[in-house]
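Novice: Questions regarding the structure given below will be posed in turn.
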Amino acid sequence: MKVYFDHNATTPLHPEVKKEMIAGMEMFGNPSSMHAYGREARANVEHARAQVANFIGAKENEIIFVGSGSEANNTVLSLFVCSSSQCIPGSRRSTIITTKIEHPCVLETAECLAHRGVKVKYLAVDRYGKIDLDQLASLLNDNVGLVSVMMANNEIGTLQDIETITKMVHESGAYMHTDAVQAVGKVPVDVRELGVDFLTISAHKIYGPKGVGALFVKQGIPYCPLIRGGHQERGRRAGTENTLGILGMARAVEMRMVEMPEEEERLHTLKQVLQKGIEERIDDISINGHPTDSLASTLNVSFTGVEGEAILLYLDLEGIAVSTGSACASGSLDPSHVLLATGVDAELAHGSIRFSMGRETTLQEVEYLLDVLPRVIKQIRNMSTAYIKGGLHATSR
Amino acid sequence: MLQAGEWAYSETLKEHFMNPKNILQGENTDDFDGVGMEGNLQCGDQMMVVIKVDKAKDTITDCQWKTYGCASAIASTSVLSEMVKGRTLDAAFHISPKEVAQELGGLPDHKIHCSVLGDKALRAAINNYYTRNGQEDKVKQELVKVVCQCMNITDHDIEDAVLEGARTYFELQERTKCGTVCGQCKEETEVLLEKFKHIHFGA
Ligand SMILES: Cc1ncc(COP(=O)(O)O)c(C=O)c1O
Ligand code: FES
């Protein structure tokens, strides 16, 4: 059996998206051209824009198509190194506030901005991954230009109260961005209700194609492009549009509108089955993330005494795809910054696995996972030093 | 289009990962003549190696292990346990991480650190055997010492960083990433920092 429990990494194309994109392959015109080929492409791009805007309660002119969620996030944060009076800081508000649990595309951009003179402050989170609103209140002042807080965390699924955060941020006169890559299409997102000024979407997390995303920029908010040199997207993002990707993204969004409402309930049940099954069948585990304010699709579990990559690869041999928070598997040696921020100790963070489900995940697949997982954990624990006498944390030095 | 399937690792490594050899069953090590343990769970890697020794010939007759770590860590301890059987203590003592990696059919660069603990644990087991058998004179110290297990930073790395300009713990961290994970190495690192500053700059 082959099962995919890594939907937060990416998702397969929705069959309807695939159909739309295959049909769309015939369309090759440049949306900027004035002839029939160009007009066809333009019409499709604008139709897609309307669909994406509609999905999040925005106006069409507030949607900028971009090359990825990462690009959208980079764009928003980078507004802060532009010294033009059109851009946000207006020299005075030169502090950015973000959180310790953002996606690396936010954290590393923030780090880079810090080297270029922007002050960056990082909000702490509690053991469930929620930011501390009191800390936010204490950091907000006249110097703060932008606050960027992700709506749903990719590793542990914790949801933040963006509406409340945005109100606080606006009262202090700063702008508000949320990276909603993991939230859009999974929980209801309406930019007017949230009140945000910037919001990031990525298509490949919601059964659309990779390499395309959208940035919502509220009308009237100062803006400065990251990619320059073209009039595309009304001068806000240069580069000939990824027409096929945009077409696919719009169809993906359309299908989300239809499927999302009933799906959340179903995934919620599956998550409970999975969590209960793990708790019943495996000792020495702990669940990460918020017990209720969390994505229905995402379950993050720490297993004592086993290292995450070993779990991932043994499961892979059984046809099960999961992900580790500990990044040994992805090339660095650090355990997950998200789990460490929630206070999980380094040892447990090394032994953490993210199970993320999606629209085609079935109860049968969850049961298969529950059959295999206890055996794999037992097998790894049997060869682990963590379970020998005096083994815990021992060194011979 | 290419098909999936190919691992980031060699076939040999995959084989050792799928069917690890010589895992120590249970927790009893009383039957063994030498026990060595290196690393710690906080850093994501810990290995224990136990050996049986033919005392007349000074050769290793059995080698078993436990490992907490990633696929490379598991496979490298497994392959090491096969390599040392029948070797003299002296020959086994000099097995390098490079030989282990070669035996595994190569390791990706960022995984080398995962394999270095196995041979260290083996040396600790051999030293432990010498100590137990009244041969303290044969105990050999490690030439380099890993200070930060998480990032695999040695005393030499710290000395280099000091020579390259690091003067504070923070600067040292920026250069080496030492102490950036579990933080338990901070005290030892700070002592070394002061020592090397003193040796090289009289500070
Ligand atoms: C929370 C979050 N933000 C941003 C991104 C980046 O999106 P993209 O892959 O489209 O660059 C991801 C995906 O990995 C994510 O999970
Ligand atoms: S030993 Fe863990 S950070 Fe250095």
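Novice: Here is a list of conditions, (1) more than 12 Å from chain A (Cβ to nearest Cβ); (2) more than 12 Å from the chain's Cα centre (by Cα); (3) away from ligand 2 (no atom under 15 Å from the Cβ), and B:N127 meets all of them except one; can you say which number that is?
Specialist: Checking B:N127 against (1) more than 12 Å from chain A (Cβ to nearest Cβ); (2) more than 12 Å from the chain's Cα centre (by Cα); (3) away from ligand 2 (no atom under 15 Å from the Cβ), the one that fails is (1).
Novice: Given the range A:134-218, what strands (runs of 3 or more DSSP E) lie entirely inside it while holding 2 or more residues that are within 16 Å of A:G69 (Cβ to Cβ) and under 17 Å from the mean Cα position of the chain (by Cα)?
Specialist: Of the strands (runs of 3 or more DSSP E) lying wholly inside the range A:134-218, those with at least 2 residues that are within 16 Å of A:G69 (Cβ to Cβ) and under 17 Å from the mean Cα position of the chain (by Cα) span A:175-179, A:198-202, A:213-217.
Novice: Sticking with this structure for a sec: So B:K177 fits all but one of (1) surrounded by 14 or more Cβ atoms within 10 Å (Cβ to Cβ); (2) away from ligand 2 (no atom under 16 Å from the Cβ); what number is the exception?
Specialist: Evaluating B:K177 over (1) surrounded by 14 or more Cβ atoms within 10 Å (Cβ to Cβ); (2) away from ligand 2 (no atom under 16 Å from the Cβ) leaves (2) as the failure.
Novice: Looking only at residues in the range B:13-64 that are small (G, A, S) and surrounded by 18 or more Cβ atoms within 10 Å (Cβ to Cβ), which one is farthest from ligand 2 (Cβ to nearest atom)?
Specialist: Here the residue is B:G34.
Novice: Only one residue in B:V147, B:V162 is at pLDDT 85 or above, under 15 Å from the mean Cα position of the chain (by Cα) and closer than 20 Å to B:I199 by Cα, so which one is that?
Specialist: B:V147
Novice: Which is near ligand 1 (Cβ under 8 Å from one of its atoms) and modelled with pLDDT of 95 or more, of A:D179, A:D197, A:D161, A:D190?
Specialist: On inspection, the qualifying residue turns out to be A:D179.
Novice: Of (1) out of contact with any strand residue (DSSP E or B) (no Cβ under 7 Å at 6 or more places or on another chain); (2) outside the structural domain of A:R42 (by TED's automatic domain parsing), A:R251 satisfies all except one. Which?
Specialist: The one condition A:R251 does not meet is (2).
Novice: So, in the range A:304-321, exactly how many residues are surrounded by fewer than 22 Cβ atoms within 10 Å (Cβ to Cβ), without any contact (Cβ under 8 Å) to a residue 40 or more places away in the chain and in contact with a strand residue (DSSP E or B) (Cβ under 7 Å, 6 or more places away or on another chain)?
Specialist: Residues meeting the conditions: 0.
Novice: Shifting gears a bit: Anything in the range A:53-75 that is aliphatic (A, V, I, L, M) and within 12 Å of ligand 1 (Cβ to nearest atom)? List them, or say none.
Specialist: A:V66, A:A72
Novice: Please work out if A:A58 is outside any helix (DSSP H, G or I), hydrophobic (A, V, I, L, M, F, W, C), under 19 Å from A:V189 (Cβ atoms) and at pLDDT 95 or above.
Specialist: yes
Novice: If you don't mind, there's one more thing I want to ask. Mind checking which residues of the range A:339-372 are farther than 15 Å from A:S286 by Cα and either within 14 Å of chain B (Cβ to nearest Cβ) or crowded, with 17+ Cβ neighbours inside 10 Å (or both)?
Specialist: Of everything in the range A:339-372, those that are farther than 15 Å from A:S286 by Cα and either within 14 Å of chain B (Cβ to nearest Cβ) or crowded, with 17+ Cβ neighbours inside 10 Å (or both) turn out to be A:A341, A:S356, A:M357, A:G358, A:R359, A:T361, A:E365, A:V366, A:Y368, A:L369, A:L370, A:V372.
Novice: Give just the number: which of (1) in contact (Cβ under 8 Å) with a residue 40 or more places away in the chain; (2) of a type outside the set (D, E); (3) within 14 Å of another protein chain (Cβ to nearest Cβ); (4) in a helix (DSSP H, G or I) does B:V116 not satisfy?
Specialist: (1)
The values are calculated or read from the model by the stated rules, or taken from the named source; none is laboratory data. Owing to the predicted nature of the structure, the values given are computational and were not obtained by experimental measurement. Note that each Cβ is placed from the backbone with ideal geometry, even for glycine, and that neighbours are counted across all protein chains shown.
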